[in-house]
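Down below is the structure, laid out as structure tokens.
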Amino acid sequence: MIERLQKYLAEAGVASRRKSEEFIFSGRVSVNGDVVSEPGFKVDSEKDIVEFDGKRVFAEKEHIYIAFHKPEGCVTTVKDQFGRKTVLDYFGDIDRRIYPVGRLDYDTSGLIIMTDDGELTYALTHPKHNIDKVYIAKVDKIPAKEKIAEFEKGLIIDGYKTKTAPAKLTVVKKYKNSASLEIVIHEGRNRQVRKMCGAIGCNVLKLKRIAVGNIELGNIKKGEYRFLSEQEILYLKNGI
């Protein structure tokens, strides 16, 4: 089958299609022994030999999909330049090249989907797909009603000229000097939940993501994972 090189790399589980384009530009990919630096280059998946960093890669026909409970203190990247623990350190028993769909902050725990399906990763992280992400945040004060209304309408954070998209904020539990909030957003700006809470005067003490769309964290323990069910996989694929 003839297809674009970045699509082949995504199917091979090297990275998402967007990230694969970066690898091609940087000269890390070769086809039949020749380095290719054009992402639009066409390859024949049945005949051509495609190598990434000198190792041959093959397009996978069947992919794996995992729900992982990321603990605090690790980064959601394949490799970290500072030598910090990454999410891949928890998958030594899986011999496939998998990677995270999207990101969670270093100090945030919770659900992250891991897969070797580059096409799905590309689609799920594309801005046009509004997939709800649900968080539980413990904050250092109880937000007033007017502040909750501001939060839900959208806020200016990070100097952006445009507000964040409409969101949902529910006070789950009130304490003497703090509160637990359930927050639903569908964007993916850097440290967005923490910054939005800060914009209404609440500092996040602890943050956990409990769902991505209809995929729930459930009772998965920190640092552990489960494979997605067929229904969950179909839900993700039907949403793109």
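Quick look at the values:
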read-out	value
Pairs with Cβ under 6 Å, 6+ apart, first in the stretch 174-203 and of a type in the set (S, T, N, Q), second in a strand (DSSP E or B) and surrounded by fewer than 14 Cβ atoms within 10 Å (Cβ to Cβ)	180/172; 180/173
Whichever residue in the stretch 109-146 is of a type in the set (Lys, Arg) and touching a strand residue (DSSP E or B) at 6+ places or on another chain (Cβ under 9 Å) and, among such residues, is nearest to residue 175 (Cα to Cα)	141
Yes/no for residue 229 being hydroxyl-bearing (Ser, Thr, Tyr) and modelled with pLDDT of 95 or more	no
Residues of the stretch 128-146 satisfying the condition of being farther than 20 Å from residue 217 by Cα, touching a residue at least 60 places away in the same chain (Cβ under 8 Å) and not acidic (Asp, Glu)	129, 139, 141
Residue that is modelled with the lowest pLDDT [pool: residues in the stretch 106-121 that are in contact with a Ser or Thr (Cβ under 7 Å, 6 or more places away or on another chain) and part of a strand (DSSP E or B)]	115
Residue that is nearest to the chain's Cα centre (by Cα) [pool: residues in the stretch 129-188 that are of a type in the set (Asp, Glu) and more than 27 Å from residue 236 (Cβ to Cβ)]	158
Strands (runs of 3 or more DSSP E) completely within the stretch 122-240 that count 3 or more residues being among the hydrophobic types (A, V, I, L, M, F, W, C) and over 22 Å from residue 109 (Cβ atoms)	none
Boolean, residue 69 is more than 16 Å from the chain's Cα centre (by Cα) and not basic (Lys, Arg)	no
All positions within the stretch 1-38 that are part of a loop (DSSP other than H, G, I, E, B) and farther than 26 Å from residue 64 by Cβ	26, 27, 32, 33, 36, 37, 38
Condition check for residue 188: under 17 Å from residue 101 (Cα atoms), in contact with a helix residue (DSSP H, G or I) (Cβ under 9 Å, 6 or more places away or on another chain) and at pLDDT below 95	no
Residue within the stretch 10-28 that is in the same structural domain as residue 110 (by TED's automatic domain parsing), of a type in the set (S, T, N, Q) and buried (at least 16 other Cβ atoms within 10 Å of the Cβ) present	no
Hey, residue 53 of a type in the set (D, E, K, R), surrounded by fewer than 16 Cβ atoms within 10 Å (Cβ to Cβ), over 26 Å from the mean Cα position of the chain (by Cα) and farther than 24 Å from residue 230 by Cβ or not	no
Subset of the stretch 151-171 [at pLDDT 95 or above, of a type in the set (Val, Ile, Thr) and surrounded by 13 or more Cβ atoms within 10 Å (Cβ to Cβ)]	171
Candidate set: the stretch 39-76, residues that are touching a Gly at 6+ places or on another chain (Cβ under 8 Å) and part of a loop (DSSP other than H, G, I, E, B); chosen: the one nearest to residue 219 (Cα to Cα)	71
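A quick yes/no check of all residues on (1) assigned by TED's automatic domain parsing to the domain that holds residue 179; (2) more than 18 Å from residue 226 (Cβ to Cβ); (3) in contact with a Pro (Cβ under 8 Å, 6 or more places away or on another chain):
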residue	(1), (2), (3)
73	no, yes, no
77	no, yes, yes
83	no, yes, no
100	no, no, no
107	no, yes, no
120	no, no, no
124	no, yes, no
144	yes, yes, no
152	yes, yes, yes
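The values are calculated or read from the model by the stated rules, or taken from the named source; none is laboratory data. All values derive from a computational prediction rather than experimental measurement. Positions of Cβ are backbone-derived with ideal geometry, glycine not excepted, and every protein chain shown enters the neighbour counts.
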